Structure formats: structure tokens, C-alpha cells
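The values are calculated or read from the model by the stated rules, or taken from the named source; none is laboratory data. None of the values given here were measured: they were computed from a predicted structure. No Cβ is skipped: glycine too gets one built from the backbone with ideal geometry, and neighbour counts run over all protein chains shown.
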Amino acid sequence: MNDKAENFTATVLTARRAVQEFSRTGARGTVVTISSGAATIGSPGEYVHYAAAKAAVDAFTTGLGKEVGHLGIRVVGVAPGLVDTELHARTGDAGRIDRMAPGIPLQRAARPDEIAAAVAWLLSEEASYVTATTLRVAGGR
């Protein structure tokens, strides 16, 4: 299995385990999946296979959220856009952030803490009526 397929498989296996535990204990809970803004733009010429795997994560998030909502389990996703991390340099494309930023309406990559804040909000009581959806945190791209 390649790493792109593992993006989806790992999400399914992890969510399944969380739902099993919530169900076993009768607890209400929230499963947060991590997708990508690439899921809706397709990432042509760059990461189309990654975008397809993340689109599967989005569909899974919606379907599972609808399937387990009656149990008091929320399933929500976060779809980050370009994020300023060392990943780009480690994969041999250190200039990617600077090259891509002009194509983002906010003209910059996200900071990791901005993505973490979206996840934290989805886990909070403030988001208690949010389920079966994915929050795009992609700077307008």
C-alpha cells in the first residue's frame, strides 16, 4: 500500500476504533479527521493522488458522521490548505511555500497553530451541533 492510500486507511481504522470505544462505554464523543484543501482543488500536476485520498477522507467524514450521530458521536474534519512546516523542505521542495503563497487569497501559508485552533474548536462544546462535515482552513484557496 502506498502512503497516499494509507492516508485514507489510517483514518478509517482510527475512526472505527474511536466509535467502538465510544459505543462500548456509552460516551458521547467527537472524532476529528484531517483532510486537505487539495481534496476539492484536485492538485493537478502536483499531488492528484494525495488529493484523491483526502477527498475519500471527506466523504468518509460525512458518511460516518451521519451514521453515528444518533449515538451522540460527532464526526468532523479539518481540511488545511498550505501549511508552513518543514515537510516541504524534507520532501525536496523548500521553496514551495513562497511559490504557492501568491495563489492563496490571504497571500500566505497557514501556521500550524491556526490548524490546531480549528481542531480545538471542533472538539469544544461551542461546536456541539457540528457533525458530518469538513471545515476548510485554507486561506480562501
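The table for this structure:
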| quantity | calculated |
| --- | --- |
| Restricting region 102-127 to residues that are in a helix (DSSP H, G or I) and β-branched (Val, Ile, Thr), the residue that is farthest from Arg141 (Cα to Cα) | Val119 |
| Hey, Val78 at pLDDT 95 or above, within 22 Å of Leu13 (Cβ to Cβ) and assigned to a helix (DSSP H, G or I) or not | no |
| From Ala89, Ala51, Ala56, residue being out of contact with any helix residue (DSSP H, G or I) (no Cβ under 6 Å at 6 or more places or on another chain) and small (Gly, Ala, Ser) | Ala89 |
| Test: Gly92 is in contact with a Pro (Cβ under 6 Å, 6 or more places away or on another chain), exposed (fewer than 13 other Cβ atoms within 10 Å of the Cβ) and not in a helix (DSSP H, G or I) | no |
| Residue check, Leu82 among the hydrophobic types (A, V, I, L, M, F, W, C), within 24 Å of Phe22 (Cβ to Cβ) and surrounded by 14 or more Cβ atoms within 10 Å (Cβ to Cβ) | no |
| Residues of region 10-61 that turn out to be polar (S, T, N, Q), surrounded by fewer than 16 Cβ atoms within 10 Å (Cβ to Cβ) and over 22 Å from Ala116 (Cα atoms), as a count | 3 |
| Count of region 109-126 residues which are surrounded by fewer than 17 Cβ atoms within 10 Å (Cβ to Cβ) and farther than 30 Å from Ala94 by Cβ | 5 |
| Residue list for region 49-75, restricted to those being of a type outside the set (D, E, K, R) and part of a strand (DSSP E or B) | Ile73, Val75 |
| Count of residues meeting criterion [among the small types (Gly, Ala, Ser), in contact (Cβ under 8 Å) with a residue 60 or more places away in the chain and touching a Lys or Arg at 6+ places or on another chain (Cβ under 6 Å)] in region 92-141 | 1 |
| Test result for Arg99, of a type in the set (Lys, Arg) and not in a helix (DSSP H, G or I) | no |
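Yes/no per residue for (1) small (Gly, Ala, Ser); (2) under 22 Å from Glu46 (Cβ atoms):
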position: Leu82; (1), (2): no, yes
position: Ile97; (1), (2): no, yes
position: Gly103; (1), (2): yes, yes
position: Gln107; (1), (2): no, yes
position: Ala117; (1), (2): yes, no
